[in-house]
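Peer 1: Once you've had a glance at the structure underneath, I'll fire off some questions.
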Amino acid sequence: MNNQHPELFRRHKLNPILTVAHWPYPANSVFNPGATLLPDGTTLLLCRVEDRRGHSHLCVARSANGVDGWQIDPQPTLLADPEHFPEEVWGIEDPRITYLPELSKYGIVYTAYSRVGPGVALALTEDFDHFERYGMIMAPEDKDAALFPHRIGGEWALIHRPVSAPGAHMWMSYSPDLRHWGSHKLMLEARRGGWWDANKIGLAPPPIETPQGWLVIYHGVRQTSSGCLYRLGLALFDLHTPERCLKRSDEWIFGPEQPYERSGDVDDVVFPCGYTVAPDGDTIHLYYGAADTSIALASGSVRQLLRWLDERGSR
């Protein structure tokens, strides 16, 4: 791309890096993974796997380099448990992982698909083998949620996306204990009209803490005559009052272009739920679902994202 349209994320040449053909048990598709770097440098993806009924569960894949050589759990890692959590009756989806140093645990926020629609659920884990499930923490219809890595103003903070006609916007909520949530605040509205992010937006991966503020990659959904088109934009929020937006991109920065993104179970979708940041503190590896069918990887620079947003973003 030329300087007028800088390439902020570069697709990996091996894309898609994970497909259902890699899976050790039968499934329909694999996509929308949460991601984290383990202490030994291993990349862990918690992948959404859709079975042949159409219900989803979560499965871990590990890689030494975050690109190939994936070691995939031979059985589902985290299944829906409708007997104890009836809100998971139609599966669990789209996990987002945040490490919580205060608890020495990973917080996994995911979508629980209930009979009355999707809601936000939470589980904690130390090892991705054993999970402490909190159940649904935000009632339907609500999804696209992730925790902040530490308390803000003494409380835990959560980004989520409740739906209220005629649009869907991003909200912040706070909790003293991760179970009881309140102090709900609107943080980013979907635009109106012909914008790429009109009417419906949502969080992509968890927020990224930077000296300038919380950098958020979000998705916008454009309704076209041939269906929905999912693309990504940037916004920056105040470190101490994260519901206060400092800057927002007017243009989208990453959208479906390659065949594996344009065609699949759901066409024209790039949907990241996770990222890792390299030891240099700048290189970001974005793991995303492509057309609700496979998992792909794109890499960029946090500093470049901030610089682009500073130059091109609006308040």
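The values are calculated or read from the model by the stated rules, or taken from the named source; none is laboratory data. Small disclaimer: the values here were computed from a predicted structure and weren't measured. So basically every Cβ, Gly included, is an ideal-geometry build from the backbone, and we count neighbours across all protein chains shown.
Peer 1: So, in segment 148-183, exactly how many residues are acidic (Asp, Glu) and in a loop (DSSP other than H, G, I, E, B)? It would help to see each step written out before you state the result.
Peer 2: The initial filter retains those residues of segment 148-183 that are acidic (Asp, Glu), namely 155, 177.
Checking which are in a loop (DSSP other than H, G, I, E, B) leaves us with 177.
Summing the residues that are acidic (Asp, Glu) and in a loop (DSSP other than H, G, I, E, B) in segment 148-183 gives 1.
Peer 1: Which condition number in (1) of a type in the set (D, E, K, R); (2) over 24 Å from Ile201 (Cα atoms); (3) under 20 Å from the mean Cα position of the chain (by Cα) is the one that Arg96 fails?
Peer 2: (2) is the only condition that Arg96 fails.
Peer 1: Pick from Ala145, Ala168, Ala139, Ala112: which is under 19 Å from Trp214 (Cβ atoms) and of a type in the set (Gly, Ala, Ser)?
Peer 2: Step by step, each of Ala145, Ala168, Ala139, Ala112 is checked, and only Ala145 is under 19 Å from Trp214 (Cβ atoms) and of a type in the set (Gly, Ala, Ser).
Peer 1: Of Arg231, Arg303, Arg248, Arg307, which residue is without any contact (Cβ under 8 Å) to a residue 40 or more places away in the chain and assigned to a strand (DSSP E or B)? Even if it seems obvious, please write down each step before you answer.
Peer 2: Working: Arg303 fails: assigned to a strand (DSSP E or B); Arg248 fails: without any contact (Cβ under 8 Å) to a residue 40 or more places away in the chain; Arg307 fails: assigned to a strand (DSSP E or B).
The match here is Arg231.
Peer 1: Read through the list (1) at pLDDT below 95; (2) under 17 Å from the mean Cα position of the chain (by Cα), then give the number of the only condition that Leu232 fails.
Peer 2: (1)
Peer 1: Oh, and also: Determine, yes or no, whether Val270 is aliphatic (A, V, I, L, M), within 30 Å of Thr19 (Cβ to Cβ) and in contact with a Pro (Cβ under 9 Å, 6 or more places away or on another chain).
Peer 2: On the way: aliphatic (A, V, I, L, M): yes; within 30 Å of Thr19 (Cβ to Cβ): yes; in contact with a Pro (Cβ under 9 Å, 6 or more places away or on another chain): yes.
The answer is yes for Val270.
Peer 1: Given the condition in contact with a Leu (Cβ under 6 Å, 6 or more places away or on another chain) and free of Cβ contacts under 8 Å to residues at least 24 places away in the same chain, answer yes or no: does some residue in segment 144-155 qualify?
Peer 2: no
Peer 1: Residues in segment 257-278 that are in contact (Cβ under 8 Å) with a residue 12 or more places away in the chain and assigned to a loop (DSSP other than H, G, I, E, B): how many?
Peer 2: 7
Peer 1: Restricting to segment 235-245, name every residue that is over 18 Å from the mean Cα position of the chain (by Cα) and in a strand (DSSP E or B).
Peer 2: Selection gives Cys245 alone.
Peer 1: Working only within segment 237-262, note down all residues that are of a type in the set (Lys, Arg) and out of contact with any Ser or Thr (no Cβ under 8 Å at 6 or more places or on another chain).
Peer 2: Correct list: Arg244, Arg262.
Peer 1: Scan segment 252-274 and give yes if some residue there is buried (at least 19 other Cβ atoms within 10 Å of the Cβ), of a type in the set (Val, Ile, Thr) and within 25 Å of Val120 (Cβ to Cβ), otherwise no.
Peer 2: For segment 252-274, residues buried (at least 19 other Cβ atoms within 10 Å of the Cβ), of a type in the set (Val, Ile, Thr) and within 25 Å of Val120 (Cβ to Cβ): present.
Peer 1: Here's a follow-up. Which is among the basic types (Lys, Arg) and either touching a residue at least 12 places away in the same chain (Cβ under 8 Å) or in contact with a Gly (Cβ under 6 Å, 6 or more places away or on another chain) (or both), of Arg53, Arg115?
Peer 2: Answer to the check: Arg115.
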